[in-house]
Amino acid sequence: MAEPFKNLAWDDFRLIKAVADARSLPAAAVQMGVNHSTVFRRLKQIEEALGVALFVRHRTGYALTPAGEEVVALAERVDADITSVTRKIAGRELAPAGELRVTTNDSLLVHLLMPMLARFREACPSVRLDVVLGNQALNLSKRDADVAIRASDTPPDNLVGRRVARIGWALYGLARRFPSADAIAQMDPAAEDWVSLGDGFGGMKVVKDTLARIPPERIAYRVNTVFGLAEAIEAGLGIGYAPCFIADPRPALVRLAPPEPAYAADLWLLTHPDLRHAARVRVFLDFMAGEIARYRTFLEGAAEGGDAVAEQALASEEAGEG
């Protein structure tokens, strides 16, 4: 069976793997960026060249034959080898230039990173940024991204990087409902409506504790992104925990308790070991570490309120000018 493989190109292996992953020709065509008929025609040609069927067609989709399983295993090995080589080559670049793909989540991007990314572009205009948003970490080993900026106490073991800050969380409510320290002290948490993160964040201690202590009928609103927590509290849907750096700048919100250390999370700058010496990765990590360090006190929740944000921003600008 080895001889027919000489007539197969890498795109043929990619097509076979796409059909195996998607279990349908239309979905594989979308993944490959071609039309359905092209996938159908090329798959037929590959099977004829090999002299063996790679898939069995069922009403529920395309299932691999034993021969197909061997070919897909080979495709995965080749894909891993190609990815490894391209990572190592990218890691040898000399000047900070080219595209840099950064993955992070929406709340970090909007409330913290955007001005920093703009300043990075001013300092390194030859590096083009491709930002990919999502709460789930992308596979840096497969080069889905070059750098990840994540809040986590358990970063993946296969990545390297640095911890640049600790993100504090505190309990917030509407300032007009809790206008004084006495009003806050008299609050009964079990009698209030609450805002919380959804099931996708069930592993977080802040979510576990909220669901354990607050009656289910009092959880008035749940959302599947940290980005929406402060907005929901500000809209009057209930009290709830939120990151201090997001909630503190909002004058309509007030802290109902000091930051809870058990809910804090480390903020990491991460990359793959093969890329850490790449010029564009190294200069980005160094730049962002310096930028975030200026906001460390505010991120931890030690500096409260919108004035603190302005002071931090001013200090950052002055440091940049210096």
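The values are calculated or read from the model by the stated rules, or taken from the named source; none is laboratory data. This one's a predicted model, so the numbers in the text were calculated from it and none came from an experiment. Quick reminder, even Gly has a Cβ in these numbers, built from the backbone with ideal geometry, and neighbours come from all protein chains shown. Calculation scope for accessible area: heavy atoms of the full protein, side chains included, ligands and nucleic acids excluded. Shrake-Rupley method; radii C 1.70, N 1.55, O 1.52, S 1.80 Å.
Things to note:
- Every test in (1) touching a Gly at 6+ places or on another chain (Cβ under 7 Å); (2) at pLDDT below 95; (3) more than 25 Å from Thr104 (Cβ to Cβ) is passed by Trp194 save one, and that test is (2).
- Per this entry, Ala262 is counted among residues that are surrounded by fewer than 16 Cβ atoms within 10 Å (Cβ to Cβ), of a type in the set (A, V, I, L, M, F, W, C) and assigned to a helix (DSSP H, G or I).
- Qualifying residue in the stretch 202-220 (condition: in contact with a Gly (Cβ under 9 Å, 6 or more places away or on another chain), open to solvent by 30 Å² or more (accessible area, probe 1.4 Å) and touching a residue at least 60 places away in the same chain (Cβ under 8 Å)): no
- Test: Glu99 is within 25 Å of the chain's Cα centre (by Cα) and modelled with pLDDT under 85: no
- Pair list, Cβ < 7 Å and 6+ apart or interchain, from the stretch 180-201 residues that are without any contact (Cβ under 8 Å) to a residue 60 or more places away in the chain and under 19 Å from Ala242 (Cβ atoms) to residues that are surrounded by 10 or more Cβ atoms within 10 Å (Cβ to Cβ) and aromatic (Phe, Trp, Tyr): Val195/Tyr221
- All positions within the stretch 272-286 that are open to solvent by 50 Å² or more (accessible area, probe 1.4 Å) and closer than 15 Å to Arg119 by Cα: Asp286
- Test: residue in the stretch 185-198 that is open to solvent by 10 Å² or more (accessible area, probe 1.4 Å) and under 30 Å from Phe287 (Cβ atoms): no
- Residue check, Asp157 of a type in the set (Asp, Glu) and in a helix (DSSP H, G or I): no
- If you go through the stretch 207-248 and keep only what is in a loop (DSSP other than H, G, I, E, B) and of a type in the set (Val, Ile, Thr), you end up with Ile214, Thr225.
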